[in-house]
Amino acid sequence: MYKIKVNSSHSFDISEETMKTLDTIETSANYYHILQDNTSIKAAVISSDFNKKLYSIKVNNNVYDVDIHDNLDQQIEILGFEIGASKQVNDIKAPMPGLILEISVTEGDEVKENDALLILEAMKMENVINSPRDGVIKSIGVKQGETVDKNSLLIEFEA
């Protein structure tokens, strides 16, 4: 599932199936012909920033700024690990339901960005949850061996 935001005001979801059935032909570099409901649409990618997944698309002489997030991008955003995030991350929540296999920190510990905090087993995979920033652990909301639901508070940082 892709989450698409257009001009920072309109947001919608597009499934992989819809993407596969889109009738699109690249007519030349960055220029496309799209057939939608028997209507011909001409589109061009004017600019792109692949790392930030930001694109300027010209469709029928109108320019749209498009921000595309796939499933991984959405999970990263939920965890608060966006690249260049301007907000201060003060807590970490479970990105998915799972079992806490190991907790590597205790309350009061000083951690650095990317230090391993805990291991969450989900779908038979071990997911290491790393620190999104330098900080001090204020509280740990789970215990080793505990089952957690998605969005359960795992760790809280001192502000």
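Scanning segment 138-152 for residues that are part of a strand (DSSP E or B) and under 15 Å from residue 100 (Cβ atoms) yields 139, 140, 147, 148. Residues in segment 38-71 that are touching a residue at least 60 places away in the same chain (Cβ under 8 Å) and in a loop (DSSP other than H, G, I, E, B): 1 in all. Working only within segment 1-32, note down all residues that are over 24 Å from residue 72 (Cβ atoms) and in contact with a His (Cβ under 6 Å, 6 or more places away or on another chain). Residues satisfying the conditions are 25, 27.
Output yes when any residue across segment 73-94 is modelled with pLDDT of 90 or more, in a loop (DSSP other than H, G, I, E, B) and closer than 30 Å to residue 140 by Cα, and no when none is. Within segment 73-94 (the criterion being modelled with pLDDT of 90 or more, in a loop (DSSP other than H, G, I, E, B) and closer than 30 Å to residue 140 by Cα), the answer is yes, since at least one residue qualifies.
Could you say which residue among 47, 8, 15 is under 20 Å from residue 67 (Cβ atoms), surrounded by 11 or more Cβ atoms within 10 Å (Cβ to Cβ) and out of contact with any helix residue (DSSP H, G or I) (no Cβ under 9 Å at 6 or more places or on another chain)? I'd like the intermediate steps shown before the answer.
Values: 8 fails: surrounded by 11 or more Cβ atoms within 10 Å (Cβ to Cβ); 15 fails: surrounded by 11 or more Cβ atoms within 10 Å (Cβ to Cβ).
Being under 20 Å from residue 67 (Cβ atoms), surrounded by 11 or more Cβ atoms within 10 Å (Cβ to Cβ) and out of contact with any helix residue (DSSP H, G or I) (no Cβ under 9 Å at 6 or more places or on another chain) holds for just one of 47, 8, 15, which is 47.
Every residue in segment 14-37 that is in contact with a strand residue (DSSP E or B) (Cβ under 7 Å, 6 or more places away or on another chain), modelled with pLDDT of 85 or more and either outside any loop (DSSP other than H, G, I, E, B) or of a type in the set (Asp, Glu) (or both), please. Once the filter is applied, which keeps residues that are in contact with a strand residue (DSSP E or B) (Cβ under 7 Å, 6 or more places away or on another chain), modelled with pLDDT of 85 or more and either outside any loop (DSSP other than H, G, I, E, B) or of a type in the set (Asp, Glu) (or both), segment 14-37 yields 23, 24, 25, 26, 27, 31, 32, 33, 34, 35.
For segment 97-118, filtering for residues that are closer than 21 Å to residue 158 by Cα and not charged (D, E, K, R) leaves 10.
The values are calculated or read from the model by the stated rules, or taken from the named source; none is laboratory data. Because the structure is a prediction, the values reported are computed rather than measured. Cβ: placed from backbone, ideal geometry, glycine included. Neighbour counts: every protein chain shown.
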